1. Restricting attention to the stretch A:334-341, does a residue exist that is over 19 Å from residue A:257 (Cβ atoms) and within 13 Å of another protein chain (Cβ to nearest Cβ)?
2. So in the stretch B:123-153, with the set limited to residues that are surrounded by fewer than 20 Cβ atoms within 10 Å (Cβ to Cβ) and part of a loop (DSSP other than H, G, I, E, B), which one is nearest to the other protein chains (Cβ to nearest Cβ)?
3. In the stretch B:159-167, is there at least one residue being away from every other protein chain (no Cβ under 12 Å), farther than 30 Å from residue A:50 by Cα, in a strand (DSSP E or B) and out of contact with any helix residue (DSSP H, G or I) (no Cβ under 7 Å at 6 or more places or on another chain)?
4. Looking at residue A:184, is it within 23 Å of residue A:372 (Cβ to Cβ), at pLDDT 95 or above and not assigned by TED's automatic domain parsing to the domain that holds residue A:357?
5. Which count do you get for residues in the stretch B:112-122 that are within 14 Å of chain A (Cβ to nearest Cβ) and more than 13 Å from residue B:79 (Cβ to Cβ)?
6. Would you be able to tell me the number of residues in the stretch B:20-41 that are in a loop (DSSP other than H, G, I, E, B) and surrounded by fewer than 24 Cβ atoms within 10 Å (Cβ to Cβ)?
7. Please go through the stretch B:198-251 and pick out each residue that is within 14 Å of chain A (Cβ to nearest Cβ) and out of contact with any strand residue (DSSP E or B) (no Cβ under 6 Å at 6 or more places or on another chain).
8. All but one of (1) over 26 Å from the mean Cα position of the chain (by Cα); (2) closer than 28 Å to residue A:289 by Cα hold for residue A:151; which doesn't?
């Protein structure tokens, strides 16, 4: 007969194994949620189980967000919310040491790490303050932003104290780490006031050198789904019949801080037209990347000959990183073709026919081509003489 | 038999609800009119019972179920943190809060927000739609019942100016408008599972109007009227099949309202019609281009229909013939739709000025004002014996205990 302590230990271990198995099953149920409501019923049941767990379960739930789809991550994070609300209301502690360990492992989901940080900062603001400077080069956009804000604050203090050298260094350091557009804009402004040159297109990773061709017909918006020759063949020496005459490729380089490529400059202020922009991206290595586009016209984008995405919305607004598209860079030459369609509206605010595109990682850090050309000091845009040679 | 069953089901659901609850955009039946009687008319600083700061921006209206007030908000530099918060109506204390990350695009015009669409409730569940097309279903205690990311499912369903149309729940179907310039549709969703019951293509046109529920002229079963630039399309709630339509154009901003058996729709002014049925066209009763609403939706109170134009002029029309009876200059500009109780309308302008209008006065009369001194775009809600107004930063309770 086994001693009682052994039996109790065995029972405890068995219960622990059962709990772990149930936890894994709940996490699996949540992680399988998919399109159009698939798996919601099972996920909701699992959510009820997880939400009733004690605080010790939080790091495990956060870790379950690694590689989870964003719907599953939302199930998991809201379960953490429920646990934290209940535990803190009952004056029970959160597993702070485990949460700190979780944050320190940068392989975890950046958003989960940010949530872990917020939990720590909530129960121990001093610990939060202590951790913050360590996030200055963090894959989490939010953690990095808060850390960079401290650098900006220090540089502003130096500026207020008339210490221009310290302010310049402070802002330059902040720019090195900044990925948030508002912060970058602020820092660049301060540096330029201090007499420094700032290469924003390079910092963002905007693609500045393109070959453009236009214009093709987009009357009644039909051009969006019309495959004009540049979609069928890549021949930069070719000429085609365009809407207003012969269409041929012209070289354009943008000096715009935000990499804006303006079709109106080479082709004139046209309406009801479509144009294409082509460039190559010489990647140092194979890696995951994001194409980030801002455009208020209808557009389509092909990467290495594959249609990535397209959108037929016109003049509802544009901004940096409006659309984020994951791609896989291959080493060496990658091709990017952008189709930009202009509608037939004649109001002043419908004049723009342009786009901006950058290549970066998921945190917004620029990925630069091996042979990236210097950012132009001024725009070059050979005036396209599309009417010449017309039939 | 099917109709009887639907009617019984609806009656059962309705029996569980408190008539004074404010369960959706513009409250009971989407009319904007509350049965509450003891609400403050003479507003002053003492009318503010409590004011609670919110964790993010928004212009969605509060939803009120019993003694709880539910509000959505969005925070973060990318407005990608979605908040659903439950407060006690009595004292403004927070009961629970859940956060989610936006799964769709969060870009919007600065005047609006990702938390623009008003949630709705069937009295047991809360359905929250955001401009990012995140559709969240929670119970009233904050337990997650199901989640959808409609831009995940339909990648071109978005509006760079921001989406703002609100969902409505009818029986066991949630009607979700996702109308925009590109992948434009409205869908019916199973309230229990979040799965699609139907999905209907809609005009490719940015649209911010909220569906209106009306009875089918033949069966009395609920149909939902979808409004966009080309006009109106009334569809069966359970199947999404079109029952009747109206093609003389309609607003994409201000929503129609159904009151006293008549649908009032912003269409080249205002058109009043009796709803149709399958094979039966709606019967247009009158049309008046002097009753053109701007952003705010029309409201019907005490036999009159009211509209607000972009200059802040409140127009009053007779519901019998649409004749304009009077106009009252208010302090605009207004984005919020007026809400009403008794013979009074509550107007809130974009700078936070609350104006109480006595519609029973011969030419209408502003009887009191209260400056809440904050940006207010969202429509007020009435419930739990009080008026609840959400500003860009806070939730404010006026009146009540």
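1. Restricting attention to the stretch A:334-341, the residues satisfying the condition of being over 19 Å from residue A:257 (Cβ atoms) are A:334-341.
Pick out the ones that are also within 13 Å of another protein chain (Cβ to nearest Cβ) and you get A:341.
Scanning the stretch A:334-341 turns up at least one residue that is over 19 Å from residue A:257 (Cβ atoms) and within 13 Å of another protein chain (Cβ to nearest Cβ).
2. B:143
3. Within the stretch B:159-167, none of the residues are away from every other protein chain (no Cβ under 12 Å), farther than 30 Å from residue A:50 by Cα, in a strand (DSSP E or B) and out of contact with any helix residue (DSSP H, G or I) (no Cβ under 7 Å at 6 or more places or on another chain).
4. In short, yes.
5. Number satisfying all stated conditions: 0.
6. Total meeting the criteria: 10.
7. B:204, B:206, B:208
8. Single failed check for residue A:151: (1).
The values are calculated or read from the model by the stated rules, or taken from the named source; none is laboratory data. Not measured: the values here are computed from a predicted model. We place every Cβ from the backbone using ideal geometry, glycine too, and count neighbours over all the protein chains shown.
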